[in-house]
Amino acid sequence: MKIKGSYLWAGAIVITLAAWMGSDKLIEQAQGLADSDMPMDANADTATATDKPAKLSDRKDKPLPSVRVKVLEAEQRFSELAVTGRTEAARRVEVRGETAGRVIATPAKKGALVKAGDVLCQLDLADKGALLAQAESAVEWTSLDYNVAQNLGKKGFGAKNREMSQRANYDAAKAALARAQLEITRTRIVAPFDAVVESRTAEIGAYISVGGLCVTLVELSPLLVVGYVGERDIGQLKTGMDANAKLVTGQVVKGKIRFISSSADPATRTFRIEIRIPNTDLEVKDGVTAQISIPHKPVMAHRFSPAVLSLTDSGDIGVRIVDDENKVIFVPVTILASDKDGVWVSGLPPSPAVITVGHEYVRAGQKVRRVPDNTANKTAEIAQ
């Protein structure tokens, strides 16, 4: 019987698959025999179990991280607040007329020093003298009528209302006399306080109406030195504190703070301060630029390189120090000032062991190994 070619191909494929599957079994058996021939280590599991503790002990025996440390001593720091300002007259007043009239005299010359009560402008009396005489006569006449009415009323021959009417006339006449006398007084425009005549507007022959300007006065003794302090520093100042000012003219003056503004300038966010200085000889002029310095009370502080400072995740600025047990402690500090030699801070203990190198790689509570920082500079500069 003749077999078809397709059957032959199918049989060949089946035989090949069976052979391939059987070969995997043989390989597994061979491997199993090879493994069985290998000597068994009874401590294999034990050795594997003891590997992990050995690694942990290795970690415990690992050397502590080294940090460079320097012990810093607190120093007494004398600081001052520097503000740019200017001199300013304690008072600047425009003296004006309170009555109308023609100027007939100007005794106070421009730049002259005048005392309180000195005449600045003299006005013509015009008809004010006649009005005064008329008022004096009216007072005398009404006084006589009132006295007659009063005597008749006491004797029962005069009505009470007539006495009251004469009393009103008398009082009105006295008031008119007072006004006339005041008008006479107002023809003399006088200085309200000791001052210097800054400018003179009225001249002889000019007519001044009510409210017309005569002169401008400035009070230079005492004198003010005015400055503007930022909102960060205003809390350090109090009225009565001593202050110094060096003028561009080379003059140095001293005084006390007499005024601190309660509200800031909306544009600059600064507060106005006024320092009162004596100026009896009037040598210091108004409007001179000045450099104000206000000394603060001395405080205990530490100074070091700004590279020693650290910043926490929460934004606190501080320093990492090492305690007696060689553990790292983070101490927040307040920066007082900075200069070419470093930064001044407060908030540290008197003699802290400050980490000068390596503070970026350690954390609070971690134990470290100290390496003394023997830099000669007091600021404990970082070695690069």
**Fill in**
Among 94, 88, the single one that is buried (at least 16 other Cβ atoms within 10 Å of the Cβ) and either modelled with pLDDT of 90 or more or in a helix (DSSP H, G or I) (or both) is 88
**Request:** Could you tell me which numbered condition residue 308 fails, if it satisfies all but one of (1) among the β-branched types (Val, Ile, Thr); (2) exposed (fewer than 13 other Cβ atoms within 10 Å of the Cβ); (3) in the same structural domain as residue 350 (by TED's automatic domain parsing)?
**Result:** (2)
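When the stretch 137-150 is examined, which residues are found to be charged (D, E, K, R) and surrounded by 15 or more Cβ atoms within 10 Å (Cβ to Cβ)?
Residues of the stretch 137-150 that are charged (D, E, K, R), as a first pass: 140, 145.
Matches in the stretch 137-150: 145 only.
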**Complete:** residue 123 meets each of (1) closer than 26 Å to residue 174 by Cβ; (2) in contact with an Asp or Glu (Cβ under 8 Å, 6 or more places away or on another chain); (3) in contact (Cβ under 8 Å) with a residue 60 or more places away in the chain with one exception, condition (2)
**Request:** Among what's in the stretch 316-346 and is without any contact (Cβ under 8 Å) to a residue 24 or more places away in the chain and in a loop (DSSP other than H, G, I, E, B), pick the residue that is nearest to the chain's Cα centre (by Cα).
**Result:** 316
**Subset of the stretch 286-305 (residues that are outside any strand (DSSP E or B) and crowded, with 16+ Cβ neighbours inside 10 Å)** = 286, 288, 305
**Asked** Under 6 Å by Cβ, and 6 or more places apart or on different chains, what pairs join a residue from the stretch 193-215 that is surrounded by fewer than 17 Cβ atoms within 10 Å (Cβ to Cβ) with one that is assigned to a loop (DSSP other than H, G, I, E, B) and hydrophobic (A, V, I, L, M, F, W, C)?
**Response** 193/116; 194/116; 209/100; 210/100
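Please indicate, with yes or no, whether at least one residue in the stretch 160-174 is without any contact (Cβ under 8 Å) to a residue 60 or more places away in the chain and at positive phi. Lay out the reasoning, then the answer.
The initial filter retains those residues of the stretch 160-174 that are without any contact (Cβ under 8 Å) to a residue 60 or more places away in the chain, namely 160-174.
Imposing the further condition that a residue be at positive phi reduces the set to none.
Within the stretch 160-174 (the criterion being without any contact (Cβ under 8 Å) to a residue 60 or more places away in the chain and at positive phi), the answer is no, since none of the residues qualifies.
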**Message:** I'm told residue 202 meets every condition in (1) modelled with pLDDT of 95 or more; (2) farther than 15 Å from residue 293 by Cβ; (3) of a type in the set (A, V, I, L, M, F, W, C) except one. Can you identify the failing condition by its number?
**Reply:** (1)
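Using the structure shown, decide if residue 211 is in a loop (DSSP other than H, G, I, E, B), more than 30 Å from residue 142 (Cα to Cα) and in the same structural domain as residue 266 (by TED's automatic domain parsing). Before you say what the answer is, go through the steps one by one.
Details: in a loop (DSSP other than H, G, I, E, B): yes; more than 30 Å from residue 142 (Cα to Cα): yes; in the same structural domain as residue 266 (by TED's automatic domain parsing): no.
No: the conditions fail for residue 211.
Looking at 281, 313, 233, which one is over 19 Å from the mean Cα position of the chain (by Cα), outside the structural domain of residue 335 (by TED's automatic domain parsing) and of a type in the set (Asp, Glu)? Before the answer, list the steps.
On the way: 313 fails: outside the structural domain of residue 335 (by TED's automatic domain parsing); 233 fails: over 19 Å from the mean Cα position of the chain (by Cα).
Checking each option against the conditions leaves just 281.
Within the stretch 191-198, does at least one residue satisfy the condition of being in a helix (DSSP H, G or I) and under 24 Å from residue 91 (Cα atoms)? Show your work before the answer.
Of all residues in the stretch 191-198, those in a helix (DSSP H, G or I) come to none.
So far as the stretch 191-198 goes, no, none of its residues is in a helix (DSSP H, G or I) and under 24 Å from residue 91 (Cα atoms).
The values are calculated or read from the model by the stated rules, or taken from the named source; none is laboratory data. These figures come from a predicted structure and were not determined experimentally. Cβ: placed from backbone, ideal geometry, glycine included. Neighbour counts: every protein chain shown.
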